[in-house]
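Each remark here refers to the structure printed beneath this line.
Each value in this text was obtained by applying a stated rule to the coordinates, not by laboratory testing. Not measured: the values here are computed from a predicted model. Reconstructed Cβ throughout: ideal geometry from the backbone, glycine too, with neighbour counts over all protein chains shown.
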Amino acid sequence: MNNSENGSKIGFISAINGSLIKIEGLENDIQIHNMIEIIEHGIHGEVIQIYKDHVIAQCFENTELLKLKDKVIDLKEPISMELAPGLLSNIFDGIQRPLEKIHSNFNNSYFLERGIKIAPLSRDKKWHFVPIKEKGDIIEEGDIVGTVQETPLIKHMIMAPPGASGNLSFIVAEGDFTIIDEIYRIKSSREEKTYNMLQKWPINTNRPYKKRIRPREPLITGLRVIDLLFPLAKGGTVAVPGGFGTGKTVIQQSLAKWSDADVIIYCGVGERGNEIADVLTQFKEITDPKSGRPLLERIVIIANTSNMPVSAREASIFSGVTIGEYYRDMGYDVAVLADSTSRWAESLREISGLLEEMPAEEGYPAYLPSKLSRFYERAGLVTTLGKSSLKNERMGSLTIIGSVSPPSGDFSEPVTATTKRFVQAFWALDAALAYSKHYPAINWLSSYSNYPDYISDWWNEKDYKWEELSDMDWNNCRILVNEILSIENELKNITQLIGKENLPEEQQLILFIGGLIRNSFLIQSAFDNIDCFTPIFKLLFHIKLIILLYYEGKELLKLGFLVEDITRLNTINDIFKISKSIPNEEYESILKFKKKMLEEIKSLKMMFGDRRERFIY
Amino acid sequence: MIDVSVLYTKIEQIIGPLIFLKNQHDIKYGERVVIQTENGQTRNGEVIKINQEFIVIEVFEDTLGLSSNNSEIIFTGEPFKIDISKDMFGKTFNSFGQPIDIKTKEILDINIITDVERNINGSPINPFAREYPSDVIQTGISVIDGLFTLIRGQKLPVFSGQGMPHNKLTSQIVTQSKVLTGESFLIIFCGIGIIQDDVSYFLDQFEKSGNRERIISFINFADDSIMERLIIPRVALTTAEYFAFEKDMHVLVILTDVTNYAEALRELSSAKEEIPSRKGYPGYLYSDFASLFERTGKIRGKKGSITQIPILTMPNDDISHPIADTAGYITEGQLVLDRNLHKKGIYPPFEVLASISRLMKDAIGKKNTREDHSDVSSQLLASYSSALEVKDLISIIGEEGLNPEQKALIKFGKSFENMFLNQGFTEDRDFEQTLNIAWKVLSVLPSDHLIRIHENFINKYYGEMV
C-alpha cells in the first residue's frame, strides 16, 4: 500500500464525471463525509458514498484537467467550520474560504482560482482576551472562560467546547492572543488538555444544547405586515416564496438591516454576484440604529453565487447554520437568512443526477424532504450548555428565514411544497402585488404564521391600551384586520358584478377600511428613511387609529351618515401621513391625530344631528 | 500545428454527439480533442467523462461520417482555448474563434496575431472583488433609456417571441449604444444558431452604421452543429473578459438567441441519458445559464465592465417556460416585447408593465443622466398603468361615461405609445431628448396628477416642452 508523508494512505482517481470523482485505495479506512484532497491540484472534496472497492467524492471545485491515477489523500475530518473571533464582518464561500483574504492575498486576483489554500480565520491577528474564570474553577462544557470584543457591536464569548469539563488548571492573564495561542488548560480525571480560542465543528452535526424551549418572543422585523399579521418568533422558522421580481431579496435585506436579532448570518446561495456586491456595500454603509456602528459588524456573509461550484453551494446553508449555532451558544439571538433555498435544492438535484439516483418529483432526489427538515430543525430557542457568569442559565435563539424561488411562481412545486411542511410561518410573495407596486408584496390571504399564540403574552406586556378601544390588544387587532381583509376580498368579486355603489353602506365601509389598511398600513417602502422600519408602538398606534375610525364609522352609519361622509374626513390624510412623515420616535403624535379625528367626527354629528332627519324634509 | 499528447485510431461507440474510446492512457478531464478523418476533415471535441473502461468525448461538429476506424483522435493535453487579439475588431469568427467569411462560411486565411490565449470556461469572479454597477449605457432608444436604463455591468435580457422585431431592436442597440464618458466601448455580437438571412441582415446593418470597427462578431449558423452552440457564447465571453478587465474597455455582449442554446443543452443532456427536470431540460439549466450570465459585471479597481443583453424567444410567448423563467431568476431585470403593440405598428413594442431594470435606481439621476429621470420614469409607469386600467373600463361603460381625469389618461396613454414608445429604427435619441419627450407626453395630464414628481421639477419642466 502507498502511504503519504504523514502516514495516511494514498488513493487514486479512477473515474471523473463532472464534479464527481471515483477513488480507489481509500475505501477501507475512510469515513463517510470525510474530506479528501487531490494532492497535485489542492482541490478538496467530500466522500459521499463508500463501496467495497472504491469511494465516490464530490469536489468543491472545478475538475477540469484532473487525470485518472491522480493522487488523493484522506483529510480525516468531515467538512467543518472554524469557530473563533474573526467571523463577524467577514465574507466566506460555501466551504468557508475567506473571499476577502483570497482577493487581497493573490495580487487582487478577481477570479477564484482553483486549489487556493488559506485558513478561513486569520492565524496572525491578535485579539484582546479578558479572562472570566480563574485557575482552579470547575469548568463544564459550554462555560464561558473569557471574552473577546470581536467587533464594537458584539462581544465574543470564549466557551469551553462541548465535551470539555474538569478543573481549570491554567488560564492566561488579560492580553492579546491569536486564535491558536494557548489560552487555558482543563484537567479532568483522565487527562489535562490545552485549549485555544479556535473550535472546529462539522457542519452536518447539530451543536449540542441543554434543552429546547418553545419560542415565546417575537423577532421584530420593522415590517408592519409581518409584525402584525404574520409574526415570526425568535427561534422560529419562516419560508419566503416568490417568483422572480417579487422582491424576495429586498425583504431578506430589510430583515438583515432592521430585525432585532443580535447576529445575522447572511447566506447568498446560488444567487447573483452583483447582489452580494450590493449587500456588502450596503451593510458597510448602513449603521446600526442603536449604536451608530456599521451593520456589517454584526453580520457574517456566506456567498456562494450561482456560477460557483454546486457542491459548495450544497454545503453553504449548513455552514451558515453552524456558525449561527455557535453565536446562539454564546447567548445571542441569531438570524440565518438563506437566499435562496431553491438554489440549494437544485444543487442537490444536480449532484443526485450525476450519481444517477432514482429521482422523485421533477428530478429532485427522494431525500430532499429529510435534508430540508434537517436544515430547518436547527432553528430554535434553547438553554445553552454551560452556565452564564451572571445568571445561572444562558438562553440563545436561532431563527431561520429561507427564501424559496418557485419556477414560474408555482407554489405547488416540490421545494415550496416540501418547505411548507417544516416551517411555522409562510410569507407568500405575490407577483400581482409586485406588479401593482404593492411592496412588500406579501399576500395577506395566502400567508400564515403559527406564532401568534406563542408570542401574544409578550405583546400584551408591552402594549398600552387606548380607552376607546379597551378590548383591542395586539392579537385582537390582527384578528380584526385579517377579518376585514378577507371580507374585503369576498366583496371584491360582487363589486365587479354589481358596482360598489349598489352595496349596502356597511359593506362599502369595509371596502373603504380594507383599502385604507392596504394602502396606508401594509404598503411599506424599503427605501424611505422613516418607512423602512416601524417600531412596535408606532405600529400599534397606526393600526388602532384605523380600527377606531372603523368603529366610529360604523356608529356614523347607524346615525344615517353615508360612507362618503367618512371618506371625506381630513383624518384620512393624517392616516396616510403616518408611515412616511411621522418620525418613528414621535409615535405619540398619532394620539393628536386621534384627538383630531374624534373632534372632527363629533362636529360632524353636531352639524347634522341625526342625519336621518334630513330625509324627512 | 496540433500539439499531440496521445493519439487513438479506434472508436468503440458513437452515440449522437458522443464518441466512446477505450481508456488506455491517462488523459485529462475536460481536455480538448482533435479528430482527423481519412478525408482530411478536422473536428473538435472535449472529454466529458472518464472511467476505467471508457473515455467519453463530446464532438462539437457533427459526428456524421465518423466510423469506428476511419479517424485519428488526438488528445492535446490542454483545455479548450482561444486566441484573442486587438486584430479581432471589426471581424467575424466561428465557434472556434477562427475568422470566417459569412457569405461562404469558409474559414479565412488571414493572419491574426495572437495577444493572449485563454481557457474558454473561465473562472468564477470572486464575489468580494465585484463592484456594484452604477453607471449607464445610452442605447438611444427612449423606452430603454427612460424607463429601463441599461447599466454597465448588468445582464438585461430581451424576452421576445417568433415574429416580433427583436432582430431589428438588437441591431439598433448594437449600432447606437454608447458610453457617455468617452471611454472605449466594444460590442461583442454572438449569434447562436441564427439563420443565414438574419446573419446577413445584422452584418449589413453593422456595416452601414459606420461603427463596424468597434464590433466583434461570433456566428454559429442555424445549420451548424448543435454542440457548437454550447461553446460559442463562452468564446465570446472569454474575449469580452480580456478586453474589459485587461484592456479597460466597456464591453456590451449580445447573445442571440439563447433559446437555441438551451435546446442544444437539452439535446446533449438527452444524449448523455441524464434525468430531465422541467420540459426535458436538464436539472442544471440554472447553473449552466449562470455560468454564462454571471460573466458580467464590474471589478473593483478595474476601469472596464461587461454588460450582457441575452435575447431569447419564448416558445408560444410563454413567460413561464423554463428558458424564460430560469433566465429571469438570474438576470437583473427583463425587457419584454408585446405582440399586440407590435400589431398596432408601435416600434419597439415593449410590454412596459412587465419589463424592469433592477439596477437602474442607483445609477440614474443628476450625475449620469438628468436630475428628474427617476421621478419621470416612475410617473410614466404609474400613469400608463392607470391609462390601461381606464382602457379596460371603456369596454364596460363606454368612452362617454369617463370623467375628465380618465379622458386625460386615455389621451396620455395614446401619446405615450405613439411618441415616447414609438421611435424610428434609425432614430438615436439621447437622454436629454428622451426625457424631453417624456415631459411632452406627461404634459397631457394636469400637473396635479403628477404626484410622483417633485414640485421643483414640475415647475422647471412641465409644459415647457410642449
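Between residue A:210 and residue A:377, the FRET efficiency estimated from the beta carbon spacing at R0 = 22 angstrom works out to 0.80. Annotation: amide H of residue B:62 within the under-5 Å range of B:225, sequence separation 5 or more or interchain, hydrogens built in the peptide plane. Using a simple spin-label model with pseudo-atoms 7 Å out from Cα toward Cβ, residue A:570 and residue B:54 lie 8.4 nm apart. Pairs of lysine residues in segment B:1-139 that meet both criteria, 8 or more places apart or on different chains and Cα atoms under 17 Å apart, total 6.
Viscosity 0.692 mPa s, temperature 37 °C: Stokes-Einstein D of segment B:264-376 from its Kirkwood Cα radius, in µm² per second? So the translational diffusion coefficient is about 194 µm²/s. Based on DSSP H segments of at least four residues, each scored -39500 (n - 2.57), chain B has a per-residue ellipticity at 222 nm of -9000 deg cm²/dmol.
Normalised by the residues of segment B:81-362, what does the relative contact order come to in percent, with Cα pairs under 8 Å and at least six apart? Could you put the intermediate results ahead of the total?
On the way: 568 pairs, mean separation 72.3, N = 282.
About 26 percent, as a whole number.
Karplus-based coupling profile of segment A:304-312, in residue order and whole Hz: 10, 6, 4, 9, 8, x, 5, 5, 6, with θ = phi - 60° in 6.51 cos²θ - 1.76 cosθ + 1.60 and x standing for Gly or Pro. Normalised by the number of residues in segment B:278-425, the mean separation of alpha-carbon contacts (under 8 Å, six or more apart) gives a relative contact order of 18 percent.
Rounded to the nearest 5, what % of the DSSP beta bridges within the protein assembly as shown are antiparallel ones? Please list the in-between numbers first.
Working: 112 of 168 bridges.
Taking every DSSP beta bridge with both residues in the protein assembly as shown, the antiparallel ones total about 65 percent.
Note on residue A:486 and residue A:431: their simple-model spin labels are 2.6 nm apart, each label 7 Å out from Cα toward Cβ. Over chain B, with a single point scatterer placed on each C-alpha, what log10 of the ratio I(q)/I(0) does the Debye formula yield at q = 0.07, 0.12 1/Å? Result of the Debye calculation: -0.41, -1.04.
Taking Lys and Arg as +1 and Asp and Glu as -1, the other residues whose beta-carbon sits under 13 Å from that of residue A:290 total -2. Only the Cβ atoms of Lys and Arg (+1) and of Asp and Glu (-1) were treated as charged; on that basis the dipole of chain B about its Cα centre amounts to roughly 900 debye.
Both radii come from the Cα set of the protein assembly as shown: Rg as radius of gyration, Rh as Kirkwood radius; their ratio Rg/Rh reads 0.99. Mind checking the log10 I(q)/I(0) for segment B:373-461 at q = 0.10 Å⁻¹? Debye, one equal scatterer per Cα, no solvent, two decimals. Log10 of I(q)/I(0), two decimals: -0.27.
Between residue A:595 and residue A:448, the distance separating the two model label sites (each 7 Å from Cα on the Cα→Cβ line) works out to 4.4 nm. Of the two radii for segment A:211-450, the radius of gyration is 0.96 times the Kirkwood radius, both from the alpha carbons; that is the Rg over Rh value. Averaging Cα coordinates gives a centre for segment A:486-562 and one for segment B:396-466; these two points are 32 Å apart.
Relative to the 2.2 N^0.38 Å rule of thumb, segment B:162-313 has a C-alpha radius of gyration ratio of 1.08.
Extension gain for the segment residue B:319 to residue B:110, taken as residue separation times 0.36 nm less the Cα-Cα distance, is 70.9 nm to one decimal. Take each residue of peptide B:294-303, count the partner chain Cβ atoms within 10 Å of its Cβ, and average: the result is 3. Summing Cβ point charges (Lys, Arg +1; Asp, Glu -1) relative to the Cα centre of segment B:373-461 gives a dipole of roughly 80 debye.
Note on segment B:26-87: Cα-only Rg and Dmax are 12.9, 44 Å.
Peptide B:284-292 is shielded by partner chain Cβ atoms: per residue, an average of 6 of them sit within 10 Å of its Cβ.
Charge tally for residue B:423 (other residues, Cβ to Cβ under 13 Å; Lys, Arg +1; Asp, Glu -1): -3.
From other protein chains only, count the Cβ atoms within 10 Å of every residue's Cβ in B:326-332, then give the mean. Mind dumping the intermediate values first?
Numbers: counts 4, 1, 5, 12, 7, 2, 3.
Rounded to a whole number, the mean comes out at 5.
Taking every alpha-carbon pair within segment A:175-226, the share separated by more than 13 Å comes to 78 percent.
For residue A:128 and residue A:500 in one chain, what is 0.36 nm times their gap in residues minus the Cα-Cα distance, to one decimal in nm?
Numbers: separation 372, 0.36 × 372 = 133.92 nm, distance 6.87 nm.
So the chain would gain 127.0 nm between residue A:128 and residue A:500.
What are the trypsin sites (Lys or Arg not before Pro) within segment B:39-142 that DSSP puts in a loop, where the Cβ has at most 14 other Cβ atoms within 10 Å? Spell out each step's value before the answer.
On the way: sites: B:43, B:49, B:81, B:86, B:91, B:103, B:105, B:118, B:130; in loops: B:91, B:103, B:105.
Here the sparse-neighbourhood loop sites are B:103, B:105.
Taking the average, over residues, of other Cβ atoms within 10 Å as the packing measure, peptides A:436-445, B:140-149, A:129-138, A:15-24 rank B:140-149, A:15-24, A:436-445, A:129-138 from highest down. Among residues other than residue A:424 with Cβ under 15 Å from its Cβ, the summed charge is +4 (Lys and Arg +1, Asp and Glu -1).
Which semi-axes, in whole Å and largest first, does the equivalent ellipsoid of chain A have when worked out from the alpha carbon gyration tensor as the square roots of 5 times its eigenvalues?
Values: eigenvalues 569, 171, 75 Å².
Gyration-tensor ellipsoid for chain A: 53, 29, 19 Å.
Judged by the mean number of other Cβ atoms found within 10 Å, the most tightly packed of the peptides A:308-316, A:402-410, A:544-552 leads the ranking A:308-316, A:402-410, A:544-552.
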